[in-house]
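The values are calculated or read from the model by the stated rules, or taken from the named source; none is laboratory data. Predicted model only: the values in this text are computed from it and were never measured. Positions of Cβ are generated from backbone atoms using ideal geometry, with glycine treated the same way; all protein chains shown enter the neighbour counts. Heavy atoms of the whole protein, side chains included, go into the accessibility calculation; ligands, DNA and RNA do not. Shrake-Rupley method; radii C 1.70, N 1.55, O 1.52, S 1.80 Å.
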Amino acid sequence: TINVHDDLLNPIVGGSTIAITSNTGAISGGAITVPDGESFNQLIPGLTQFSFVLADADATKVASPPDPATVVVTVTSPNGTATTIVTTGTIQ
């Protein structure tokens, strides 16, 4: 789960996009278009809070050592674009 909002927990501009990618594995739910709406300074699933899954692209293979994974989030809006690494770990 990732939270994307301003400093008061309000959603970013409707129509903005969030792209979640990883250097390994398969992302599910990683292409998000933010709807237009108000959150009244709260975290709201689908408006300021979004879920995704990173899964092993080949569950039949056991990686030894486990594959290093980096999850990157890119937010694109009329106010600008930001890219950040949100987590690193391994996938096996």
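With a requirement of 1 or more residues that are of a type in the set (Gly, Ala, Ser) and in contact (Cβ under 8 Å) with a residue 24 or more places away in the chain, the strands (runs of 3 or more DSSP E) lying completely within the chain that satisfy it span 17-22, 26-28, 53-55, 67-77.
Once region 48-87 is narrowed to residues that are surrounded by fewer than 10 Cβ atoms within 10 Å (Cβ to Cβ) and in contact with a strand residue (DSSP E or B) (Cβ under 7 Å, 6 or more places away or on another chain), the residue that is modelled with the lowest pLDDT is Ile85.
Based on this model, can you work out whether Ala26 counts as under 21 Å from Thr87 (Cβ atoms) and modelled with pLDDT under 95? Even if it seems obvious, please write down each step before you answer.
Details: under 21 Å from Thr87 (Cβ atoms): yes; modelled with pLDDT under 95: yes.
For Ala26, the condition - under 21 Å from Thr87 (Cβ atoms) and modelled with pLDDT under 95 - is met.
Scanning region 11-39 for residues that are more than 15 Å from the chain's Cα centre (by Cα) and buried (at least 16 other Cβ atoms within 10 Å of the Cβ) yields one hit, Ser39. With respect to (1) at pLDDT 95 or above; (2) open to solvent by 40 Å² or more (accessible area, probe 1.4 Å); (3) over 13 Å from Asn3 (Cα atoms), the lone exception for Gln42 is condition (3).
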